[in-house]
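Enquirer: The following block contains the structure, expressed as structure tokens.
The values are calculated or read from the model by the stated rules, or taken from the named source; none is laboratory data. Not measured: the values here are computed from a predicted model. Neighbour counts are summed over all protein chains in view; Cβ atoms, including those assigned to glycine, are modelled from backbone coordinates with ideal geometry. The protein model used for the area step is the full one, side chains on, heavy atoms only, and it has no ligands, DNA or RNA in it. Shrake-Rupley method; radii C 1.70, N 1.55, O 1.52, S 1.80 Å.
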Amino acid sequence: MTTLVITILPSIVIFCYFYFSDKFKEPKRTMAEVFLLGVAATIPAGYLNNFIQKTFENGDVFNDALLTGFFAGGLVEEILKFSVLYFFVVKKNEFNEPMDGIVYGVLASLGFATLENIEYVYFHADEYEVSSLSMALARAFSAVPMHGLVGVVMGFYFGLYSFLGDKKFIGYALVMPLLFHGSYNFLLSFNVLYAYGVLAILLVYALKLHKHLKLKQSEKFLETEIKKI
């Protein structure tokens, strides 16, 4: 039971932080749908990641780290999470202000991270020669927060794209999460401290973006803004 709690608790804590800091709360049904779509995204991600690794890995440390960082990890997973926002969230009437981008971006990312975390803790811990509990503890302060925070970054820029109509932000919504996710995975192959350095930068950056929208939101009396897309 302890292992299960540690496996899912980080996602709950991260979600609660962004949910309760939102002045205008999102409907529970829509939030559940976005979370479950994030969970579902792990299925094609698993097949695509395995295909890329089996096809292009050659035993070279740099090559394989690059694959698991920026292609089989970052590129595949961030495109799938972005797809939840682009093909589902943007059509919802509930998505009616930039802060919603962060809330739904975090939910999609945490849905993905939660199922991925369960898989690592209960099915892959032996491959790394650690216990399930040790794997859960390690990822509680690394991979899960990384996914949640890149969801903040993606959601922030997706919100700007949706409500300002400037197409450059849709590029940022894809590229910035990829850079952070890819750099984290790539450096993790060499030294865990380097990866934590990326995570620290990501934390500061994501919280700064969130603070910016939170300040703007605090000045509003009504939630709804007009989409420009």
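Enquirer: I need every pair where a residue in the range 146-161 that is free of Cβ contacts under 8 Å to residues at least 60 places away in the same chain and crowded, with 24+ Cβ neighbours inside 10 Å has its Cβ under 7 Å from the Cβ of a residue that is part of a helix (DSSP H, G or I) and among the β-branched types (Val, Ile, Thr), sequence separation at least 6 or different chains.
Expert: The qualifying pairs are Phe156/Ile102.
Enquirer: Hey, does the range 134-150 have a residue that's outside any helix (DSSP H, G or I) and closer than 24 Å to Met1 by Cα?
Expert: Scanning the range 134-150, I find at least one residue that is outside any helix (DSSP H, G or I) and closer than 24 Å to Met1 by Cα, so the answer is yes.
Enquirer: Please go through (1) under 27 Å from Leu9 (Cβ atoms); (2) modelled with pLDDT under 95 for Val103 and return the number of the only condition it doesn't satisfy.
Expert: Among (1) under 27 Å from Leu9 (Cβ atoms); (2) modelled with pLDDT under 95, the lone unmet condition for Val103 is (2).
Enquirer: If only one of Leu36, Leu75, Leu85, Leu80 is farther than 16 Å from Met146 by Cβ, within 13 Å of the chain's Cα centre (by Cα) and modelled with pLDDT of 95 or more, which one is it?
Expert: Going through Leu36, Leu75, Leu85, Leu80 in turn, just one is farther than 16 Å from Met146 by Cβ, within 13 Å of the chain's Cα centre (by Cα) and modelled with pLDDT of 95 or more: Leu85.
Enquirer: Of the residues Val204, Val198, only one is among the β-branched types (Val, Ile, Thr), at pLDDT 95 or above and open to solvent by less than 80 Å² (accessible area, probe 1.4 Å); which?
Expert: Val198
Enquirer: Criterion first (charged (D, E, K, R), within 20 Å of Ser142 (Cβ to Cβ), in a helix (DSSP H, G or I) and open to solvent by 50 Å² or more (accessible area, probe 1.4 Å)) does Glu119 satisfy it?
Expert: yes
Enquirer: Moving on. Scan the range 124-142 residue by residue and report those that are open to solvent by less than 10 Å² (accessible area, probe 1.4 Å) and modelled with pLDDT of 95 or more.
Expert: Selection gives Ala136 alone.
Enquirer: Under the condition of being without any contact (Cβ under 8 Å) to a residue 12 or more places away in the chain and in a helix (DSSP H, G or I), which residue from the range 5-27 is most open to solvent (accessible area, probe 1.4 Å)?
Expert: Once the filter is applied, the top-ranked residue is Phe20.
Enquirer: Which ones in the range 28-46 are among the hydrophobic types (A, V, I, L, M, F, W, C), farther than 26 Å from Leu209 by Cβ and open to solvent by less than 50 Å² (accessible area, probe 1.4 Å)?
Expert: Answer for the range 28-46, where residues must be among the hydrophobic types (A, V, I, L, M, F, W, C), farther than 26 Å from Leu209 by Cβ and open to solvent by less than 50 Å² (accessible area, probe 1.4 Å): just Ala40.
Listed here are the residues, each with its yes/no results for (1) touching a residue at least 24 places away in the same chain (Cβ under 8 Å); (2) within 28 Å of Lys91 (Cα to Cα).
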| residue | (1), (2) |
| --- | --- |
| Tyr172 | no, yes |
| Gly182 | yes, no |
| Ala195 | yes, no |
| Ala200 | no, no |
| Leu213 | yes, yes |
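Enquirer: Quick one: in the range 47-101, which of the residues that are within 30 Å of Leu164 (Cα to Cα) and among the hydroxyl-bearing types (Ser, Thr, Tyr) is most open to solvent (accessible area, probe 1.4 Å)?
Expert: Among those residues, the one meeting the criterion is Tyr86.
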